[in-house]
Every structure is written in C-alpha cells, then in structure tokens.
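Single-structure report; data block below.
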Amino acid sequence: MSDGIGARVKRKEDKRFITGKGKYTDDLRQENQAYAAFVRSPHAHAKLLGINASEALAMDGVIAVLEGGELNADGIGNIITGWAITSKDGEPMKCGAWSALAVEKVRYVGDAVAIVVAETQALARIAAEAVEVDYEELPASVSTAGTLEPGAPQVHDNVPGNLIYDWEIGDEASTDANIAAAAHVTEIDLVNNRLSPNAMEPRSAIAIHDEAEDHYTLYTTSQNPHVARLLLSAFYNVAPEHKLRVIAPDVGGGFGSKIYVYPEELSCLWASMKTGRSIKWTSDRSEAFLTDAHGRDNVTNIKMGFDENNRITALKIHNTANLGAYVSLFATVTPTYLHGTNYSGVYDIPAIYGNVKAVHTNTTPVDAYRGAGRPEATYMLERVVETAARELGVDPGELRRINYIKDFPYQTQVILNYDTGDYVATLDMARASADVAGFPARKAEAAARGKLRGLGYASFVEASGIAPSAAVGSLGAGVGLWESAEVRVNPVGTIEILTGSHSHGQSHETTFAQLASDRFGIPIDNVQIVHGDTDKVQFGMGTYGSRSGPVGMSAVMRALDKVEAKVRKIAAHTLEASEDDLVIENGEVKVAGTDKKMAWHEVGLAAYTGHNLPPDMEPGLKEGAFFDPVNFAFPAGTFICEVEVDPETGVTDIVQFVAADDFGTIINPMVVEGQVHGGVTQGIGQAMLEGVVYDEDGQLLTGSYMDYAMPRAADVPSFVVEHGCTPTPNNPLGIKGCGEAGAIGSPPALINAITDAIGSNDLQMPATPLAVWQALQAAKSAVAAE
Amino acid sequence: MYPTKYHKPDSLEAASAAMAAAEDGKILAGGHTLLPTMKQHLAAPSDVVDIRGIAALHGISERGGALTIGATTTHAEVANSAVVAAACPALCCLAAGIGDPAVRHVGTIGGSLANNDPAADYPAAVLALNAMVITNRRDIPAEDFFDGMFTTTLEDGEIIKAIRFPASECGSYSKFPNPASRYAMVGVYVARVDGRVRVAVTGAGEDGVFRHDGMEAALSAEFAPDALDSVEISDDGLLSDLHGTAEYRAHLIRVIAKRSVATC
C-alpha cells in the first residue's frame, strides 16, 4: 500500500496550512468576547508597594483590573514544577513561590502584576499602561555563575544563596582516581547560551466561563492540553476536570515553550469567572521575548581523561544551570535527568561524575527547549572529545570510533541502558557523504581564495520518547509518561484515530494515518486524526521529548491490534473460515488461497448492524489502548559540518552539513527529513546566531528581532540527510523518535568546524561574526606574544 | 496603538494644512519605523498624514545623467528602475538590498531619509553622491541635511518632495548586515562626483552617516582597494553594541570600503 509505513506521503494538513485556512487560537472568536492585557514589571527585582488602577478603570470600555492579592484570595494556586529533585546531601530542592500575578515582589522584567480586561485589544493595552504601580527597586541577580557568589541579591527568601538544588550523578571517587591516573586529560569551560524559543505563532488563550453550568473552556496554544487541564484543575484550582475543557486547535510551533501553563492563560480563566466575559489574550512578540520560557543557559566545566591508547577513562562535569526567577514545569528535570543521564553519550566510559547546581536569577524562567538537557550535554561532550583529538593528534573521527559503545544492550554509568545502536555505521555513512578524505584539498583551495576552511564532527545519542512511567516516577516525576490512543472504525469503514499526542508542526495527521493505512490497506484519506481537545480524547500526555513516534504511535499500534483482532473474528465468522487463514490487505479481508473475501467497509457494516456477529460479541468497532514503554528509545548519529570563515569579517559560511541519523523505523522519510532540517537549523541558530542577553540590571537587551538573530534560509546549506537503522525492541514499531536529534547534534558539529577553521578553541556560542573575528584577533595576539 | 487621526491628502498643500492643524502630526511615507513605534506606544501622534497619495511626490526622472527620485518612490521601484540602472546602477543595488521584499514594496526613499536611522542605507548614497534634498520649502544639500542619529535639519511641517542625485562617474555600495536586523552594521558608499572621490559610511557612527576624509584623500591619490590599507580609521564616535564593538566596526569600515572600491 503506497500510503503505508515507509511511504513518502505528502502532508494531509498542508492544504489548510498552505492556503491560510488553519484555525489558530487567535483566529477564533467567542460570544461576549473581551480582551486582556497584562501590566508587567519594568524592573528585574522590586518590592511591589501598591497598584493604582483608577485612571485605567475610568476609561470607557475598561471592564476590570485584577491583581494578585485577589487571585490568591480566590484560591488560585501557585504555578508548580512537575519534577522533584533531591540534592546530594539528601535535602529536597528549594524553589520560590510563583503566583500568576505577582504579590509583594516582582522578580524579572515582564513579571505579570495585574490583568486588565477591556472591550478591545488596543484599549486593554492602553489601559494596562495607565495602571500606576508603585515599586521599590531592589538589586538584581542576573548572572548564571554570579548568582551563587556570596552577597549576590536573593531572588527568593526561602532559597538561600539562590541555590535550588546541588545534585550529583555517578561516582566521584572512581572518576577522580581515573583522572589522576590518566595519560592525558582534556579540560574546557563552556557556556551554553540562553535561547528564546520563538515559535511562529505567539501564545494565545481564550477563556470562557459558563456561569449556568459552572463550566470552563480554554482554547490555548498547548503541546499537551490534557496536562494543562490536569494542572489547572488539580493544582491551580480553576475547576474540577469534568468542568474544564481545554482545546489546543492548530498550534504553530512549540519547541517546548508551549508545554507549560503560564500565568497569562491561568489569569484569563480566573478573570473570565470574575468578569462574566469570554477573555482573549494573544501575546505580542515583545511579550513573547520577555515571558515565553527560555532554553539552555548553562555554565560548565568538563574534564575528560584518556589512557595511553586514547581510550576514555573518566568524565567529570560541573554544571550550573540558570532556571530564572521561578521554577517552571520541566525546569528542574532538564539539567538533571535529561542532562546527567546523557553524560556517557555514545562512548564507553568506565567512570563518570557530574554535579549540577540549579540557580535562581532575576531573569525569565528557563525550561525545556527542543532537546532539553541533551543538547547541553552533547555540546560539552562533543567539544571536549574534538578538543582532545586535537591535543592528542588523533583524527577526530577515529578517536570517536575507538571509544564508541559497540555492544548492546549497554549499561551506562549514569542510569540509562541503551538498547540498540550502530554508531560506527552512521559515522562511516557521514564520513563517506562528507568526503572527509577530500577535505585537505578543499581546505587548500579555500586558503588560495583567502578563506579558512574547517571540518567538525559531532556524534550523539539521546534518550527520546520520554517514559516509562514507573521509571520517571522513581526519579521524581509528578506524572506518568505513557500515551493513549483510540481507533474508531465507522460503519462505512472510514477510521478516526484519537490520540493524546498533539501535532503543532510534527505532521501527525499524515504519519499517524499511515499506521492505519499500512495495517488495513486503506487510503490515508479515509483516516482522520483527532487530537487536541480534552472533550474528544480522554487523556494524553502530549508532544515533547521526541515521544509522539515511540510512545504515541505505539499506543495507536496497540489499539490497531485490538481492532484487527475483532475484525478477524467478524470476518472469520462471516466467511466461515479460520482466523488463521485470513489475510488483511488492500482494504479487504481475504481467506488465503480462496476467492472468499469481505471488503473493508463490509466488515465495518457487519460490526455496526450486528445482524450476524459471533456469539457473545458486542456490536461496534472501537478500541483503545494505553502504551507505557519499558525504556526510552535511543536515536543516535553523527553530524559532519564543513565551514568557510572569512578572516576579514569573521563571517562563517556553512558549505556542507551531513546528518547521518539512526531513528530506527521511519514512517515517512519526508517528514523525518523535515524534522532533521528544522532541528539542525535550530541548532545552527544556537551555535551561530541566537542568544538572549540581559544587562547587569536584568533588562532584556535582545527583546526583538532587531537584536535577537534567528536563522534564515540563507544561513543554512542544503542538508545531506542519511539514515542508519537499528530498530528498538522496546516498542511495536521499532521507532526511536526524530524531533530533537537535529538540535542536539548540530551545535557542536558547527562549533568544532569553526574552531578547526580558525585554529583557536577559545570560542563560545553564539559564534557570531564579531565573536569569530575576536577569537581570530586573540589568536593572532597570542602568536605575536610568543 | 493609541487612537490617531489618519489623513490621506492628494496635494502637498493639503498635507501641509493637515500638519499645521494637527496638535502633534507625523508624516507617513512608508511607515516601517513609525507604525511599529506607535504599536509599542513609543510614539503617539495625534494625526498621521499619509503622503503616498500625492502624485507629485512619486516617480523617477533623469536629465543629463542627474536623477530625481520622488520622496514616495518605493525601494522596489528604485531597485527595478531601468532609468536608475542606466544613470546610477549602485543605487539600484542599494535599494534592492534594503530589508526584504515586503519592506521594499512599501518603504520609500523620502521616509528613509527623513527618519535618518543611523543604520539606514540611503543616507550613505545621498551623502556620497552629494545629492540635494528638495522639500516644499527649499533645497537642502546633503552636507546640511543629516544632523545626528534620527535627526535631520527638516523643520516642523517641512516635507521632502524629492531627492536629486547629480551625475556621477562611478559609485558602489557594500554593507555588512547586522546578523539579527540585517540593517547595515557598516555600509560604505564610494563615489566619484565631479572628479572628486567621496566616501560615506552608514551604520557605524554614533551620529549617523558620515564622510571619511582619510579614505577620500587616499582614494583621490590612488583609486584602488589597497590604497585604504594605510588609512587610519579611528573607533572614536563609532557605535558599540551586542553585534559589533566600535573596534570591530572600525575594522569593518576598511574591509567594506575596500570591497566597494573593488566593485566601483
């Protein structure tokens, strides 16, 4: 069947997206709709002495100005973090309280102080500006490393020294011993730059309160509407779950930033009850820069020890992770169980120790962003390995190859147990595609043109398909991480698949439909994917952590198994054959070796008419499943990047980028390649262009696209994408998850290429033209000084 | 955006009258700076007077190699003009490199000059080519027009009608774009007008566009890229920000100027 697993099927959803017919939250309009705007702190840290809204309230068309004191008095709960981390001394983590509307203090520029409701969006914004807020400014703590220094301003009184937790993983004694005994030790200090997520669609919400039914509806930009409902119900006390419907319609990108329930969505729900109006709020881009959870922001020291045969003997890491002013939903797990468990990478390392300190600063909260912890871990590992190769005088590909894990399953020193992989295969694939052998000639040719050519590697493995529930629960997760699906076959044979996964760019409407098409041999146009509405899909954990394939699709497969079992029973009964003799293909159920068959729609009809079903069989054809895998999946690969640097300007031109990935089974190669292209582009953005910068007072200097550089088409080359395939045994498809790999592997490949080109390793991200030029100047000065 | 009164006059006289009657009027010639500023509540004019409906302010003409470009002529019109391409091809290239297609089809030369953004491209061309800014009140030589960052010598209610570029023997503009905004971080227009070399630098100066005497002298002596190698380019008075220190900008001025000379 041409629409089945492995087919390069065009996207079903593109007709409405390309023709501008998508329905995003801001496109929707409700009865009795009013608009919200937020009064926000202009200070990074200040006491909140009073709010005077009289001028705003006097404006014609202003409905309400609501403050944090009232929100708290109404019992709306503080915003929570979903993962409890225990410090190495056994103490539970400490984090400051996060009220949706600030009370007593504001703690970052953009912290919401009041919600203003008015008849129009323009009026709401004008009225918000007219609200007078009396602040007493306090000194702000802004720097990731500096916030731990004695005397740094305290962000929260209950978090002494701004230290949220001091966590460790691995064995320090054996690691120190191996480093002491090492033939060679490579050590570097790295900054993993803070990023702004920049989904194309800004966050948006419409909150509706039905007073007669005491029922709430929230349309919102969410990657996981059911998790949003759970939080709003069980923790924020908006309404019990059966009185609260959350709908995430078309959502234009998330990258992690739309996992969370933010103060704005919560405040809109509360305000809809207070005002009796439906309330719409849509973030503008300036608000998005200030308030969408940022990503990364780590400062790291990493040491790697080698024996005389260049085998890695030890790895030691000290990492400080900036979580910002408040601790967001996945903020605490990102630098720990999503970071520390990745320390072994693709390498067989006998001793590993990592220490992670998470800190508060007076900056926007930081949380999971495409890759979440794994890009940070991969960046430091792959930079230290590349640096070691240069120091040891070994080919960087060869140094990797001799240290790769080659026998699976492999138990790392940092919890994870890798199921399958073939890292040498993707390395060889990448080296062949990149024509590594021809690089010296290309470098010489570039030099003749006055350009510096460099080549950089990155090998990576990541834990995707975040799960299983029991394991994450034992590590402190507040939720289970399974996924659900329901397959409904209609009387005419068309199919609806309800999934708890959520598509906000991932092409689920196409790829999930391919599963049913593959199973029953029916066209994907006869399959509809239903998602994103808590009234339609019973429950689900949503889309993040490259989990929709390995976990979400696996749930669909289990539900399809159950449907197929019932189809076989019905057909066997109708055709008077044994179930074992039945073959389902091309939309028909056939008795093998005979001309006896039922068309697919005849099976559906039989199930729903119930005229002739096997004894004791219930009518209908609808099955559900919950899938909870036994382990993560472990996509891996090698990226090779080749650049030319213009030494006059510091401009880097990426002349070639090869991505050789192993995602296990691939459902739709076109969609997977698109995910790789997008992920690599985001990684190139981090490595070369993007960086959130605050001044020393905590004012955001990169608050618009005038100063925050996003990757453009011209910044990236035409990618070469290759696939190895070692299917995972841990889910029914053998699928490993592809959403984050590109963003995980690309930053170190690019920086390794640039540092190779310029002959200096003293370079941090983003490697802007200025940074590269300065590194070149510093290297020249150093040579001159010698 | 705060409420504002929108006017679209069809004559300069009507535009002047609307401005005179306004409590705090602003001319709109494209709006790429004015409208975002208004949306951010950083500007709140009582009246916006849109001059794009005034036919006399629009269009391109040529006489004896001199070009006259109406104030409301868009960047795309300049970029695609055969008349401009024949008389001053570098101006086409400059216009074609402003912003993106959406910007180029709405933004205008008069709007750009009146705003005098220190990173805008047109000021470099106007200063290097010794152009004349023609307003509803007078003709202002380029030397006397630019008056510091976002400031010109235009008086209240004075409206640019057109820009007159004299015939030039050669001209070339190159820029180093800001990685985020793509505005010029350093843009250098090198021209020979009436036998004299003129070099104007945009994007780099704290006070906006400026001429560089040292580079002009060196190129007058020998019009070749290498002639710029020994010119002193000070970083005094240069902008310094996230994307480029003053030192880096001073370095780029030489690099970009050499590239302009090489293509001149």
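Each value in this text was obtained by applying a stated rule to the coordinates, not by laboratory testing. Computed from a predicted model, the values in this text were never measured in an experiment. Note: ideal-geometry Cβ built from the backbone for every residue, glycine included; neighbour counts use all protein chains shown.
Checking the cross-link filter: which lysines have an alpha carbon closer than 23 Å to that of A:K357, excluding same-chain neighbours under 8 positions apart?
In chain and number order, the partners are A:K88, A:K94, A:K303, A:K316.
What GluC sites (Glu not before Pro) in region A:667-731 are in a loop by DSSP, with at most 11 other Cβ atoms within 10 Å of the Cβ?
Numbers: sites: A:E673, A:E690, A:E696, A:E722; in loops: A:E690, A:E696.
Hits after loop and neighbour filter: A:E696.
Return, for the Cα atoms of region A:482-627, the radius of gyration and Dmax in Å, separated by a comma.
Reported Rg and Dmax, both Å: 15.5, 47.
Would you calculate the convex hull of the Cα atoms in region A:130-226 and tell me its volume per residue in Å³?
Details: hull volume 29.6 nm³, N = 97.
Per residue, the Cα convex hull of region A:130-226 comes to 305 Å³.
How many percent of Cα pairs in the protein assembly as shown exceed 44 Å? Let's see the in-between values first.
Values: 235070 of 550725 pairs.
That tail contains 43 percent of the Cα-Cα pairs.
So if I take the alpha carbon set of chain B, get Rg, then get Rh from the Kirkwood formula, what is the Rg over Rh ratio? Present the calculation step by step, with values, prior to reporting the outcome.
Working: Rg = 18.2 Å, Rh = 18.7 Å.
Rg/Rh for chain B comes to 0.97.
Under a straight-distance cross-link criterion of Cα-Cα below 16 Å, which lysines are reachable from A:K596, leaving out those fewer than 8 residues away in the same chain?
A:K569
In whole angstrom, how far apart do the alpha carbon centroids of region A:1-26 and region A:322-337 sit?
34
Only four residue types carry charge here, +1 at the Cβ of Lys and Arg and -1 at the Cβ of Asp and Glu. Report the dipole size of chain A about the Cα centre in Debye, rounded to the nearest 20. Walk me through the numbers on the way to the answer.
Numbers: 60 positive and 101 negative charges, 230 e Å.
Computed about the Cα centre, the dipole is about 1100 debye.
Tell me which of B:A128, B:T68, B:I159 sits at the most positive position along the dipole axis of chain B, charges placed on C-beta atoms (Lys, Arg +1; Asp, Glu -1).
About the Cα centre, the residue reaching furthest to the positive side is B:T68.
Could you tell me the distance between the Cα centroids of region A:463-514 and region A:582-601, to the nearest Å?
30
Suppose R0 equals 51 Å. What FRET efficiency, 1/(1 + (r/R0)^6) with r the Cβ-Cβ distance, do A:T594 and A:A212 give to the nearest 0.05?
0.25
In whole angstrom, and with the biggest value first, how far do the Cα coordinates of region B:5-49 range along each principal axis?
30, 21, 11
Picking from B:G64, B:G208, B:G244, which is most flexible by a Gaussian network model of chain B using Cα springs under 10 Å?
Residue with maximal mean-square fluctuation among B:G64, B:G208, B:G244: B:G64.
What does the extension gain come out to for A:S718 and A:M59, with contour length at 0.36 nm per residue minus their alpha carbon separation? Before the final figure, lay out the partial values.
Values: separation 659, 0.36 × 659 = 237.24 nm, distance 5.45 nm.
Difference between extended and current length: 231.8 nm.
Determine the shielding of peptide B:173-185 by partner chains: average, over its residues, the number of Cβ atoms on other chains within 10 angstrom of each Cβ.
Numbers: counts 0, 0, 0, 4, 2, 4, 15, 12, 6, 4, 1, 0, 2.
Mean shielding count: 4.
Compute a Gaussian network model of chain B, connecting alpha carbons closer than 10 Å, and tell me which residue from B:A102, B:A125, B:A250 fluctuates the most.
Judging by the Gaussian network model, the answer is B:A102.
Out of the GluC sites (Glu not before Pro) in region A:494-603, which ones are loop residues according to DSSP with at most 15 other C-beta atoms within 10 Å? Kindly include the intermediate steps, with their values, before the conclusion.
On the way: sites: A:E496, A:E509, A:E564, A:E576, A:E579, A:E585, A:E588, A:E602; in loops: A:E576.
Sites meeting the loop and neighbour criteria: A:E576.
Taking θ = phi - 60°, what integer Hz values does the Karplus form 6.51 cos²θ - 1.76 cosθ + 1.60 yield along region A:49-57, in sequence order, with x for Gly and Pro?
8, x, 10, 10, 9, 4, 5, 5, 5
Restricting to DSSP H runs of at least four residues, report the calculated mean residue ellipticity at 222 nm for chain A, -39500 (n - 2.57) per run over all residues, nearest 500 deg cm²/dmol.
Here the helix-only value at 222 nm equals -8000 deg cm²/dmol.
What percentage of all Cα-Cα pairs in region B:170-262 are separated by more than 20 Å?
Working: 1169 of 4278 pairs.
Value for region B:170-262: 27 percent of Cα pairs lie more than 20 Å apart.
Rounded to whole Å and sorted largest first, what semi-axes of the equivalent ellipsoid does the C-alpha gyration tensor of region A:323-364 yield via the square root of 5 times each eigenvalue?
27, 10, 7
Could you pull out every one of the lysines with an alpha carbon less than 18 Å from that of A:K451, ignoring same-chain neighbours closer than 8 positions?
The qualifying lysines are A:K443, A:K780, B:K258.
Work out, step by step, the length gained on full extension between A:Q411 and A:D580: first 0.36 nm times the residue separation, then minus their alpha carbon distance; give nm to one decimal. Numbers along the way, then the final one.
Numbers: separation 169, 0.36 × 169 = 60.84 nm, distance 4.02 nm.
Taking A:Q411 through A:D580 to full extension adds about 56.8 nm, to one decimal.
In whole Hz, what ³J(HN,Hα) sequence does region B:196-213 give by Karplus (6.51, -1.76, 1.60; θ = phi - 60°), x for Gly and Pro?
Computed from phi, the couplings for region B:196-213 are 10, 8, 10, 10, 10, 10, 10, x, 9, x, 4, 9, x, 4, 8, 8, 10, 4 Hz.
Quick check: the distance between the Cα centres of region B:73-141 and region B:244-264, to the nearest angstrom?
Between the Cα centre of region B:73-141 and that of region B:244-264, the gap is 21 Å.
Projecting each Cα onto the charge dipole of the protein assembly as shown (Lys/Arg +1, Asp/Glu -1 at the beta carbon, about the Cα centre), which of A:P197, A:T81, A:G22 comes out farthest on the positive side?
Comparing the listed Cα positions along the dipole, A:G22 ranks first.
Report the label-to-label distance for A:E445 and B:A262 in nanometres (one decimal), using points 7 Å from each Cα along the Cα→Cβ vector.
Taking the simple label geometry, A:E445 and B:A262 are separated by 1.9 nm.
Above 15 Å lies some portion of the pair distances; for region B:60-165, what is it as a whole percent of all C-alpha pairs? Please list the in-between numbers first.
Working: 3268 of 5565 pairs.
Distances greater than 15 Å cover 59 percent of the Cα pairs.
Can you work out ³J(HN,Hα) from phi for every residue in region B:115-122, in order, using Karplus 6.51 cos²θ - 1.76 cosθ + 1.60 and θ = phi - 60°, giving whole Hz and x for Gly and Pro?
Running phi through 6.51 cos²θ - 1.76 cosθ + 1.60 with θ = phi - 60° gives 6, 6, 4, x, 10, 6, 7, 4 Hz.
For all pairs of alpha-carbon atoms in region A:279-387, what percent lies in each bin of width 10 Å, listed from the first bin to the last filled one?
With 10 Å bins starting at 0, P(r) equals 14, 41, 25, 13, 5, 1, 0.
7 Å from Cα along Cα→Cβ at both A:H573 and A:E308: what's the point-to-point distance in nm?
Using points 7 Å along Cα→Cβ, the separation is 7.6 nm.
Pairs A:K23/B:K8; A:K12/A:K597; B:K5/B:K39: which are spaced more than 25 Å apart, C-alpha to C-alpha? Don't skip to the end; give the middle numbers.
Working: A:K23/B:K8 35 Å; A:K12/A:K597 30 Å; B:K5/B:K39 15 Å.
Going by Cα-Cα distance, A:K23/B:K8; A:K12/A:K597 fall outside the 25 Å limit.
Take the Cβ-Cβ distance between B:A217 and A:A432 as r, set R0 to 56 Å, and report the resulting FRET efficiency rounded to the nearest 0.05. Spell out each step's value before the answer.
Values: r = 56 Å, r/R0 = 1.00.
Efficiency, from the Cβ-Cβ distance: 0.50.
Using 1/(1 + (r/R0)^6) with R0 = 51 angstrom and r between the beta carbons of A:L701 and A:T86, what's the FRET efficiency to the nearest 0.05? Numbers along the way, then the final one.
On the way: r = 36 Å, r/R0 = 0.71.
Working from the Cβ atoms, E equals 0.90.
With a Cα-only, solvent-free Debye model of region B:96-232, what are the log10 I(q)/I(0) values at q = 0.09, 0.16 Å⁻¹?
Cα-only, vacuum Debye calculation for region B:96-232: -0.26, -0.83.
If you take each beta carbon of peptide A:122-132 and count the beta carbons of other chains within 10 angstrom, what is the mean? Walk me through the numbers on the way to the answer.
Working: counts 4, 1, 0, 5, 5, 0, 1, 2, 0, 0, 0.
That average works out to 2.
For every helix of n ≥ 4 consecutive DSSP H residues, a contribution of -39,500 (n - 2.57) applies; sum these over chain B, divide by its total residues, and give [θ] at 222 nm rounded to the nearest 500 deg cm²/dmol.
Working: 11 runs with 83 residues, N = 264.
Theoretical 222 nm ellipticity from helices: -8000 deg cm²/dmol.
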